[in-house]
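The values are calculated or read from the model by the stated rules, or taken from the named source; none is laboratory data. What you are looking at is a predicted structure, and each value in this text was computed from that prediction instead of being measured. As a convention, Cβ positions derive from the backbone with ideal geometry for all residues, glycine included, and neighbour counts pool all protein chains shown. What goes into the accessible areas is simple: the full protein's heavy atoms, side chains included, and nothing from ligands, DNA or RNA. Shrake-Rupley method; radii C 1.70, N 1.55, O 1.52, S 1.80 Å.
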Amino acid sequence: MNAPVIPIQVLREPARKPRNSGERPVDAEALKTVGELLAGRPMRRDLLIEHLHVLNDHGGQLRTDHLAALAQLLRLSVAEVFEVASFYHHFEVVRPQADGGFAPPAALTVRVCDGIACELAGAGDLLARLPALLGTEVRVIAAPCIGRCEQAPAVAVHQCPVPNATLQKVQQAVAAGVRAHEPEPCTGLDAYRAQGGYRLLEQCLAGERDVESVIGAMESSGLRGLGGAGFPAGRKWRIVRSQPAPRLMAVNIDEGEPGTFKDRTYLERDPHRFLEGLLIAAWAVGVDAVYIYLRDEYHGCRTLLERELAALKARLPSLGGAALPAMELRRGAGAYICGEESAMIESIEGKRGLPRLRPPYVAQVGLFGRPTLEHNFETLYWVRDILERGADWFAGQGRHGRKGLRSFSVSGRVKKPGVHLAPAGITLRELVDEYCGGMQDGHRLHAYLPGGASGGILPERLADLPLDFDTLQPHGCFIGSAAVVVLSHQDRVTDVARNLMRFFEHESCGQCTPCRSGTAKVNTLIATDRWNLPLLAELSQVMRDASICGLGQAAPNPVDCVVKYFPEELSA
C-alpha cells in the first residue's frame, strides 16, 4: 500500500498539449464549476472516467460545456473526452438547446432490469406500468442485467437496488427519494483478523513461505480463472512473474454477464478474504501497483470496499506490509464489454472500453504498457483456502471425474435461487434438486443456460452433463462464470434467445463489423418464429471467425442452440 517501487506516474501516458486550437473557447463559468468540483484531484489522463463520474453524479448528466472544460484541465482535445463520455451507458451527455441553455436532468431515474431472469419474473409488466404510476418527474428506463438475478425482478432507484420489485416497492423507494446506498453487513477487518485472516500474508512477507511453494500450490490445486476464460491461475502467476518489472495487476469485478452475481455476493459477505488473496498474488508475482475495477451497478460494494481498504491501509504497517503495492479502486460506467480483460484495461487507462488485438497478450503488454496479472474476483477469493488447506483439498472436490469447487449463480424457475457452492462437475439436475430446492411449483425443467447469456442453451435431456470447464463445448456451450439460468415448460426458448441477442446488440462496443452489424442482423432475422436458417448459420460462422473478442464470437450461441435443440419452436 506504500508507494510502488517505480512511481505510478512513470507508468502512465505523459501529459499532452491540448489539441483544441480549432474548437470554441471554453466557457469561463463552466471551467470554474468543473474546477471546483475536481479541486484537489490529480489531473491525469487515466482518471478521465473517475472525473466524469464526479461531474455526472453532481449534475445528473454531462453537459458539453463541462466536457470542454474538463478537456482543458486534462490537456486533452474535446473529442477525446467526448468519445469516452459517450461510450459508457451510465453517462448522459447533453447538448445545449436552441436558446443556449441545458435542459435539466430527470428528478429521479428508475432502472428496471430487463435481463433474462428479470424478464421471466415480470420485468416487462413493471416497465409497462411504472411510468404512469410514478409520473413525468421520474424517468423509467430498461437496463441490462444489474447483477441481482436471484432477486428478480430487480430495479434500481437512482443507485439503490429494489430486490424482488413490485409496483408498491418501487413506489415506496421513489417516495423515499435519492439516498446513499448502505453497504451490506460484512466480515470487517477486526472480525476477519480474529478468524486468522492475514496470517497467511504475514507468513509470506516474513519468509516463512517462499514464492515457489506458493505458486506450486496454486498450480497443483488446478484452480482456473473463474471469470469465464478458465486459464490456470498458477500458470498465469508464473508467466507474469517471468516478465520484466515493473509489473502491474488488474482485478476484474465487472461481472456483467446476465445471470452472474457470485462476485457481488462474496464481496458483500467477506471482502478481506478476497483482499488477502489479492495481496498474496501481488507478492508472489512481484506486482508494483494494483487496480481494482468494480462495475458501477454495485454502489453498495464500492462503499464497502472503500471503507475496508481504508481500514486495511491503516493496519498494514503492523502486518509487515511495507513492501506491498499501492491499490486503486476504479469505477466502471455501465459497459458489459469491460468484463473482457483488455477492454477493462483500456477503461482503467481512462479510454473507451475497446478490446485489444492480440498478440501481444496482457501478461506481456497490459496496463500502461507493462506486464499485467489480470484476475477475476473469485479466483483471488480462493487463494487463502487453497494455501491453508492445501492444494489436494481443493483438487479433491468434484463429481463425475472433475476436480475443484464451483460457485454457481442460479436464477430462473427454481425455489432457491442464489449462489450455491457445489462440486465441479455436478449436473444441472443434481444442482437443482440438491441445492436449489427443486423447480418452482407448477414448473417442469425444460432447458437451461449453463454459462449465462453467452454460454448457450441446453435442453432438459442434456441436464445430466457435468458442469465444468471443457465438458460442454462438444454440445456447443460452455460454463463461463457458471451463471445458470433454469427454464421451465412455460418458457419459450425462442423468446429467451431474442432477449439475449438484444442484450448483445446493445452491448457491442462497435469496434468490429462482424459483431456490430452481426448482432443487429441476427435480431432482425429472429424477430419472428420463421427464421432464415441458412443465412443465420452463415452469419454465425462469420461472427465466430472474424470478431475481435469473445462477445462477438459467443453472441451466436443462443440462436445456434435454438436451431440445434429446439427446432419445434420454429415455424416451417
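The table below lists the values:
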{"quantity": "Selected residue (only one of Leu525, Leu472, Leu533 is of a type in the set (A, V, I, L, M), free of Cβ contacts under 8 Å to residues at least 60 places away in the same chain and open to solvent by 70 Å² or more (accessible area, probe 1.4 Å))", "calculated": "Leu533"}
{"quantity": "All helices (runs of 4 or more DSSP H) inside the stretch 502-556 with 3 or more residues being more than 21 Å from the chain's Cα centre (by Cα), within 21 Å of Gln473 (Cβ to Cβ) and hydrophobic (A, V, I, L, M, F, W, C)", "calculated": "533-546"}
{"quantity": "Condition check for Glu308: more than 15 Å from Ala250 (Cβ to Cβ), acidic (Asp, Glu) and open to solvent by less than 10 Å² (accessible area, probe 1.4 Å)", "calculated": "no"}
{"quantity": "Inter-residue pairs, beta-carbon under 8 Å, first over 22 Å from Pro25 (Cβ atoms) and free of Cβ contacts under 8 Å to residues at least 60 places away in the same chain and in the stretch 49-77, second aromatic (Phe, Trp, Tyr) and crowded, with 17+ Cβ neighbours inside 10 Å, 6+ apart", "calculated": "Asn56/Phe91"}
{"quantity": "Selection from the stretch 331-361 of residues that are touching a strand residue (DSSP E or B) at 6+ places or on another chain (Cβ under 7 Å), open to solvent by less than 10 Å² (accessible area, probe 1.4 Å) and not in a helix (DSSP H, G or I)", "calculated": "Gly332"}
{"quantity": "Residues of the stretch 475-496 satisfying the condition of being at negative phi, touching a residue at least 40 places away in the same chain (Cβ under 8 Å) and in contact with a strand residue (DSSP E or B) (Cβ under 7 Å, 6 or more places away or on another chain)", "calculated": "Cys477, Ala483, Val484, Val485, Val486, Leu487, Ser488, His489, Asp491, Val493, Val496"}
{"quantity": "Gly147 vs. criteria at positive phi and either surrounded by fewer than 15 Cβ atoms within 10 Å (Cβ to Cβ) or not in a helix (DSSP H, G or I) (or both)", "calculated": "yes"}
{"quantity": "When residues of the stretch 295-345 are limited to those that are in contact with a Pro (Cβ under 6 Å, 6 or more places away or on another chain) and acidic (Asp, Glu), the one nearest to Leu200 (Cα to Cα)", "calculated": "Glu308"}
{"quantity": "Every residue from the stretch 95-117 that is of a type in the set (D, E, K, R), assigned to a loop (DSSP other than H, G, I, E, B) and either open to solvent by less than 50 Å² (accessible area, probe 1.4 Å) or under 23 Å from Leu134 (Cβ atoms) (or both)", "calculated": "Asp114"}
{"quantity": "Check on Pro459, farther than 21 Å from Leu120 by Cα, over 23 Å from the mean Cα position of the chain (by Cα) and either of a type outside the set (D, E, K, R) or open to solvent by 10 Å² or more (accessible area, probe 1.4 Å) (or both)", "calculated": "no"}
{"quantity": "Single condition Arg429 does not satisfy, out of (1) among the charged types (D, E, K, R); (2) part of a helix (DSSP H, G or I); (3) in contact with a strand residue (DSSP E or B) (Cβ under 9 Å, 6 or more places away or on another chain); (4) closer than 30 Å to Asp288 by Cα", "calculated": "(4)"}
{"quantity": "Residues within the stretch 407-423 that are open to solvent by less than 20 Å² (accessible area, probe 1.4 Å) and under 18 Å from Leu380 (Cβ atoms), tallied", "calculated": "2"}
{"quantity": "Matching residues, the stretch 210-242, being open to solvent by less than 70 Å² (accessible area, probe 1.4 Å) and not in a helix (DSSP H, G or I)", "calculated": "Gly222, Leu223, Arg224, Gly225, Leu226, Gly227, Gly228, Gly230, Pro232"}
